[in-house]
Amino acid sequence: MSNSEEARLSVLRQLNLLDTPPSESFDRITRLASLLFDLPIAAVSLTDRDRQWFKSRVGVDHREIPRFKACCGDVADNSSVLVINDLLASHYHDSHLAESGIRFYAGAPLVTHDGHTLGAMCVLGTEPRQVTDQERGILKDLAAMVMAQVDLQHAVGRVEPSTGLPNYLSFVEDLNDLARDLPDSQRYVLGTELVDLEQINALQRVMGPAYLDALSQTAARRIRKALGEQAKIYHVGPCQFAHLETGDRADILVRAVNLRKSLLEVTVNGSAPFMLRPVVGVAPVQLGRTQPDAVLRLAHTACRDARDNETGAGFYSRSSDNRYQRRFSLISDFQEALQSEDQLHLAYQPRVDMTSGRCVSAEALIRWQHPTVGNVSPAEFIPLVENTTMARDLTDWVMRNAIRQAAAWYHQGLQLRVSLNIAAANLEEGDFTERLLGYLGSEGLPLRAVELELTESGLISNGQAARRQLEELMARGVKIAIDDFGTGYSSLAYLQTIPAHVVKIDRSFITGLNQHQRSQTLVSAMIAMAHELGYSVVAEGVETEEAKQVLHSLGCDEIQGYLIARPFTSTEFTRWFMAPINTVTARPSSRQSL
Ligand code: C2E
Ligand code: MG
Ligand code: MG
């Protein structure tokens, strides 16, 4: 088969017309053709590799006929009007059409803008017939109407209505075409994102969908101005654009920076440039080596890095992509972990009273044994999960399991409080208190047997409803601890406004306590002030005897850390707790750890 026939077939395929259901917009033209020619049969006939397929037809039952000796196939081959006054007296006398009783045929070619003939607009009759010049003209006009319809249908779904720019699908098609033409050559895809995509929903809620459209329109005009009339700009997603560039990396980066600059002052209807933080991310592509949608993902990754690193524009980086991919897969796998029997469990780390040396409580710390990745630290997955709707399920899982364990200890007679780490978002759940009380009730455990740990920043950023819930919990006798104290953004003066009983000084202040005078001064001030305000003080991350001595001299109430014990399984914890001596001084730091 010739190259031009291959190209023609490829265009036909791309238009996605073959084997599609009938459509009224084409049928209307076919009916008109039959009427104008006063003939029983009319069709829009597309020439496939070895068949004529009818997109629209009047007076024929079948949807396709073989291409061999089909008049329409010859119209496609020659790209000109073909009239056969009498099939029986012509080269077509033994064709499929003639055998089915057709005597007359007239067809006009269906030609695309770039000169490919897709098939024919044809009229057929069962009697021999002549065609006037005027009728030839009409047939050509009808063929042009069919092509206008093809254009229209093709444009729908290929163009973003708000800006009139080619969309994501066009981008994919064009990049595929380019890869066929110039395989292995180097291009850069520049992705432009007007706002943080994660905030698009919020923005739409606050400002309305029309705002996003207006924003995209204004930005599209700016991008056009910055890149020039010749550039092909794609509108690939909400507030997301892309275009291709060639050149060396340094030049491309300059262009990316300039493009971003041109978008900095974009406003809609004179409003403030609300939440508008445009970034441009660049992904290098070897044509044909990467799928177009993967290319857009790389450009998006580069945009996200440019946003996170506050550079505004930058190249794709594989290492940060790997980190992002890992985060993404951890988030998606966590749902399964919550449902599984064996991926999650709780470890318990003792907290001891400095005066008596006795263990007074155990902090429940979640552990995740991922089936393929292995152990994932809560420091890695908790912040990810806390930003999703799974925060509720996570805390529910912890409450259920920790309270069950606390009840087992309680009923065994162990004088022990169990601390649970709670995400700030949990307090925003209207039924949080109810659920906690439900779990305690069903295990027959008094409220004072549990303590909730919330981080300082979490406590401060909470709204009124969360605070009311916190106050209610305290009023009912649940202890509240401020975790990681000193690492939040709040000033110490804020402390007096937070409802809580316990302050847990963050590990970062305790490490090096015996070496740095500065740390001692800080910790001493924290302890004094917390006591002044009526809190009891716990030091986290106590690893050395020296640190313990310093804390003792500063009046710290309790300590927790590897010096006492690493987090245990519940069984190990019970054994440790029941051992004849479990005081600060007597416990070696080398207990078996998790
Ligand atoms: P956190 O609540 O401040 O817990 C203390 C962390 O310090 C734990 O890390 C603990 O293993 C570690 N640690 C304790 N003593 C020492 C020490 O002497 N030296 C050092 N270097 N580290 C010590 P882990 O278990 O990896 O947990 C990290 C964080 O993840 C926790 O910090 C907490 O914020 C969060 N987390 C853990 N479990 C849960 C949970 O069930 N729910 C929620 N929402 N967060 C949790
Ligand atoms: Mg904690
Ligand atoms: Mg902490």
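The values are calculated or read from the model by the stated rules, or taken from the named source; none is laboratory data. These numbers were taken from a predicted model, which means no experiment stands behind them. Here Cβ is always computed from backbone atoms with ideal geometry, including for glycine, and neighbour counts include all displayed protein chains.
Per-structure values
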| read-out | value |
| --- | --- |
| Residue in segment 443-470 that is farthest from ligand 2 (Cβ to nearest atom), counting only those that are at pLDDT 90 or above and surrounded by fewer than 18 Cβ atoms within 10 Å (Cβ to Cβ) | GLY444 |
| Given (1) in contact with a helix residue (DSSP H, G or I) (Cβ under 7 Å, 6 or more places away or on another chain); (2) closer than 30 Å to TYR316 by Cβ, index of the condition SER185 fails | (1) |
| Unique residue being away from ligand 3 (no atom under 15 Å from the Cβ) and in contact with a Ser or Thr (Cβ under 8 Å, 6 or more places away or on another chain) when the list is LEU533, LEU473, LEU522 | LEU473 |
| Residues (within 15 Å of ligand 1 (Cβ to nearest atom) and more than 45 Å from the chain's Cα centre (by Cα)) located in segment 502-535 | ASN514 |
| Subset of segment 407-427 (residues that are of a type in the set (Phe, Trp, Tyr) and surrounded by fewer than 21 Cβ atoms within 10 Å (Cβ to Cβ)) | TYR410 |
| Number of positions in segment 107-144 that are touching a strand residue (DSSP E or B) at 6+ places or on another chain (Cβ under 8 Å) and either not assigned by TED's automatic domain parsing to the domain that holds ALA33 or not β-branched (Val, Ile, Thr) (or both) | 20 |
| Any hit, segment 64-75, residues being in the same structural domain as LEU139 (by TED's automatic domain parsing), free of Cβ contacts under 8 Å to residues at least 60 places away in the same chain, within 18 Å of SER34 (Cβ to Cβ) and among the basic types (Lys, Arg) | no |
| Hey, LEU445 over 15 Å from ALA500 (Cβ atoms), more than 16 Å from ligand 3 (Cβ to nearest atom) and not in a helix (DSSP H, G or I) or not | yes |
| Segment 448-470, residues that are away from ligand 1 (no atom under 16 Å from the Cβ) and part of a loop (DSSP other than H, G, I, E, B) | GLY463 |
| Some residue of segment 367-386 being within 16 Å of ligand 1 (Cβ to nearest atom), among the charged types (D, E, K, R), part of a helix (DSSP H, G or I) and buried (at least 16 other Cβ atoms within 10 Å of the Cβ) | yes |
| The lone exception for GLN560 - which of (1) in the same structural domain as LEU513 (by TED's automatic domain parsing); (2) at pLDDT below 95 it fails | (2) |
| Tabulated pairs, segment 441-453, first among the acidic types (Asp, Glu), second away from ligand 1 (no atom under 16 Å from the Cβ), C-beta under 6 angstrom, 6+ apart or interchain | GLU443/ALA407 |
| Selection within segment 336-351 - of a type outside the set (A, V, I, L, M, F, W, C), part of a strand (DSSP E or B) and farther than 16 Å from GLU451 by Cα | HIS345 |
| Selection count, segment 329-366, where residues are crowded, with 16+ Cβ neighbours inside 10 Å, more than 9 Å from ligand 1 (Cβ to nearest atom), polar (S, T, N, Q) and under 27 Å from ALA539 (Cβ atoms) | 1 |
| Filtered residues of segment 536-574 (kept if closer than 30 Å to GLN412 by Cβ, of a type outside the set (Gly, Ala, Ser), more than 10 Å from ligand 1 (Cβ to nearest atom) and crowded, with 16+ Cβ neighbours inside 10 Å) | VAL537, VAL538, LYS548, CYS556, ASP557, GLU558, PHE568, GLU572, PHE573, THR574 |
| Helices (runs of 4 or more DSSP H) wholly inside segment 482-560 containing at least 1 residues that are away from ligand 2 (no atom under 14 Å from the Cβ) and either farther than 24 Å from PRO350 by Cα or touching a Lys or Arg at 6+ places or on another chain (Cβ under 9 Å) (or both) | 517-532 |
| Qualifying positions in segment 14-46 - crowded, with 19+ Cβ neighbours inside 10 Å and not in a helix (DSSP H, G or I) | LEU17, LEU39, ILE41, ALA42, ALA43, VAL44, SER45, LEU46 |
| Those strands (runs of 3 or more DSSP E) lying entirely in segment 82-180 with at least 2 residues closer than 18 Å to ARG31 by Cβ, at pLDDT 95 or above and not charged (D, E, K, R) | 104-111, 117-125 |
